[in-house]
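The values are calculated or read from the model by the stated rules, or taken from the named source; none is laboratory data. This one's a predicted model, so the numbers in the text were calculated from it and none came from an experiment. Here Cβ is always computed from backbone atoms with ideal geometry, including for glycine, and neighbour counts include all displayed protein chains.
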Amino acid sequence: MLSDGVKARLYRFSPSLSLVPTDFQNSGVSVVIPTFKGRHLLERFLPSVIESCRRYVAATDAPVEILLVDDGGGDDTAEWLAARAFPFVRLLPQPVNRGFAPTCNVGFREARFPVVWLLNNDIETTPDALAPLVAHFADPNVFAVSCRALRLGGEAIDGAGRLGEVVRGFWKVFANYDVLPEYDRAARGELPTMTASGGYSAFDREKLVALGGFEELLAPFYWEDVELCYRAWKRGWDVRYEPASLVFHQMSATIGKRFAREEVEVVATRNRILMHWIHLHDARWWAMHWLMIGLLWAGDIATGKTRHRRAIHEAWARRNAAFARRREERAAARRSDRELVRLLAEVTRRPGVRVFRTPAEEAAFRAETRKREE
């Protein structure tokens, strides 16, 4: 359990519910939670989501719903829910297991309200987490907003703002940034993020449906949220980070329990490649990407490894669908790859923003935060 002092620091960004603009207070929210054999996780974490919804309804009088999409789990989730009759909750059982993207897309299509809050089933939400997210959608150009996520039981950062840069023909998208307590949003602007995490982010439902939701070519898992947000950025929309919306992530590692580590690495690498085949349109970076594909293949041969060769082979088997999507996205793009790189680089130059790529850099950020709050 967290001490009162730690909690006070973690909640330093938490605003009052008045952050929801008056002309946006009637915006309903659909919470979508994909789950697979997750009754034990729902028992632990669903009550916090319900409390967040109750708090939002009380403050805004807006409608909410919680859609649990059971991805063919076959456990006792349905019976457990029926016995408790939770408010707002509706179960959407699926006949077979299809993976993260198709399961989330079911929830997106069934959602009735303008804002969709997508949560993993192992997320604990804080009572006032929802209102700061909804406030952003008063701006019609916003596509998605990501929460600030900490590892459950401590202060380690699971996800904050995400940066991106292209290095040797591939996007690197896993550097975090966060902001110090004195960060002045009014003076320095909103906080862009490369990716709104698929585990704890809100989306404009109309835009989400217009884009077709997550790319099911990437099923069963990984890179879906990166691809979707990259797609939105290039359409000219914005993806933001909201540090006032705090959640905690248990890291239950559902995927790791069902798939061998090597298989997970192959799928993740394959999907990373497919995302580039669909969206990397800059001519020089595209040429470098293919050079690196060749070097990765050769490197596997030289070392006797197979991960990259398997991933490239599986991606190549999906090339027709990927290149068809590439033609669609090139025609629809309103931002270039380089424009997005420049936009994300700009936020790192703002006073109060700190970038961290390693646990040591993150620890230094937390230490600086504590010192400034003393």
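Checking the condition under 20 Å from Leu46 (Cα atoms) and not aromatic (Phe, Trp, Tyr), which residue from Ala160, Ala129, Ala135 passes?
Ala129
Using the structure shown, decide if Glu182 is assigned to a loop (DSSP other than H, G, I, E, B) and more than 17 Å from the chain's Cα centre (by Cα).
When the stated conditions are applied, Glu182 passes them.
Please verify whether Gly161 is within 22 Å of Glu373 (Cα to Cα), of a type outside the set (Lys, Arg) and touching a Pro at 6+ places or on another chain (Cβ under 8 Å), treating the condition exactly as stated.
For Gly161, the condition - within 22 Å of Glu373 (Cα to Cα), of a type outside the set (Lys, Arg) and touching a Pro at 6+ places or on another chain (Cβ under 8 Å) - is met.
Need at least 3 residues that are over 25 Å from the mean Cα position of the chain (by Cα) and at pLDDT 95 or above per element, so show me which helices (runs of 4 or more DSSP H) inside the stretch 274-374 make the cut, counting only ones lying wholly within it.
Filter on the stretch 274-374 gives 283-303, 307-317, 319-332.
Name the residues in the stretch 32-82 that are free of Cβ contacts under 8 Å to residues at least 12 places away in the same chain and over 23 Å from Ser245 (Cα atoms), would you?
The answer is His40, Glu79, Ala82.
In the stretch 181-197, how many residues are buried (at least 17 other Cβ atoms within 10 Å of the Cβ), of a type outside the set (Gly, Ala, Ser) and within 25 Å of Trp171 (Cα to Cα)?
Matching residues across the stretch 181-197 total 5.
Answer yes or no as to whether Arg235 is surrounded by fewer than 17 Cβ atoms within 10 Å (Cβ to Cβ), of a type outside the set (Gly, Ala, Ser) and without any contact (Cβ under 8 Å) to a residue 60 or more places away in the chain.
For Arg235, the condition - surrounded by fewer than 17 Cβ atoms within 10 Å (Cβ to Cβ), of a type outside the set (Gly, Ala, Ser) and without any contact (Cβ under 8 Å) to a residue 60 or more places away in the chain - is not met.
Any residue at all in the stretch 308-316 that is over 29 Å from Leu211 (Cα atoms) and in the same structural domain as Glu51 (by TED's automatic domain parsing)?
no
Only one residue in Ala283, Ala311 is of a type in the set (Gly, Ala, Ser), touching a Ser or Thr at 6+ places or on another chain (Cβ under 9 Å) and over 30 Å from Pro181 (Cα atoms). Which one?
Matching residue, one of Ala283, Ala311: Ala311.
This table checks each residue for (1) assigned by TED's automatic domain parsing to the domain that holds Arg162; (2) free of Cβ contacts under 8 Å to residues at least 60 places away in the same chain; (3) touching a Gly at 6+ places or on another chain (Cβ under 9 Å); (4) not hydrophobic (A, V, I, L, M, F, W, C).
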residue	(1), (2), (3), (4)
Ala283	no, yes, no, no
Met288	no, no, yes, no
Met292	no, no, yes, no
Leu296	no, yes, no, no
Thr303	no, yes, no, yes
Ala322	no, no, no, no
Arg350	no, no, yes, yes
Ala363	no, yes, no, no
Arg370	no, no, no, yes
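Could you count how many residues in the stretch 63-80 are more than 24 Å from the chain's Cα centre (by Cα) and within 14 Å of Val31 (Cβ to Cβ)?
0
Considering every residue within the stretch 240-263, establish whether at least one is assigned by TED's automatic domain parsing to the domain that holds Leu46, in contact with a Gly (Cβ under 7 Å, 6 or more places away or on another chain) and either among the charged types (D, E, K, R) or surrounded by fewer than 17 Cβ atoms within 10 Å (Cβ to Cβ) (or both).
No.
Are any residues in the stretch 65-79 within 13 Å of His40 (Cβ to Cβ) and crowded, with 16+ Cβ neighbours inside 10 Å, and if so, which ones?
Within the stretch 65-79, Gly73, Thr77 qualify.
Only one of Val267, Val247 is of a type in the set (Val, Ile, Thr) and part of a helix (DSSP H, G or I); which?
Matching residue, one of Val267, Val247: Val267.
Please work out if Glu51 is part of a strand (DSSP E or B), among the charged types (D, E, K, R) and in the same structural domain as His136 (by TED's automatic domain parsing).
It is false that Glu51 is part of a strand (DSSP E or B), among the charged types (D, E, K, R) and in the same structural domain as His136 (by TED's automatic domain parsing).
Could you grab me the full set of residues in the stretch 140-178 that are part of a loop (DSSP other than H, G, I, E, B) and crowded, with 22+ Cβ neighbours inside 10 Å?
Ala160 - this is the single residue of the stretch 140-178 that is part of a loop (DSSP other than H, G, I, E, B) and crowded, with 22+ Cβ neighbours inside 10 Å.
With closer than 21 Å to Ala268 by Cβ and surrounded by 12 or more Cβ atoms within 10 Å (Cβ to Cβ) as the only criterion, which of Glu361, Glu314 stands out?
Glu314
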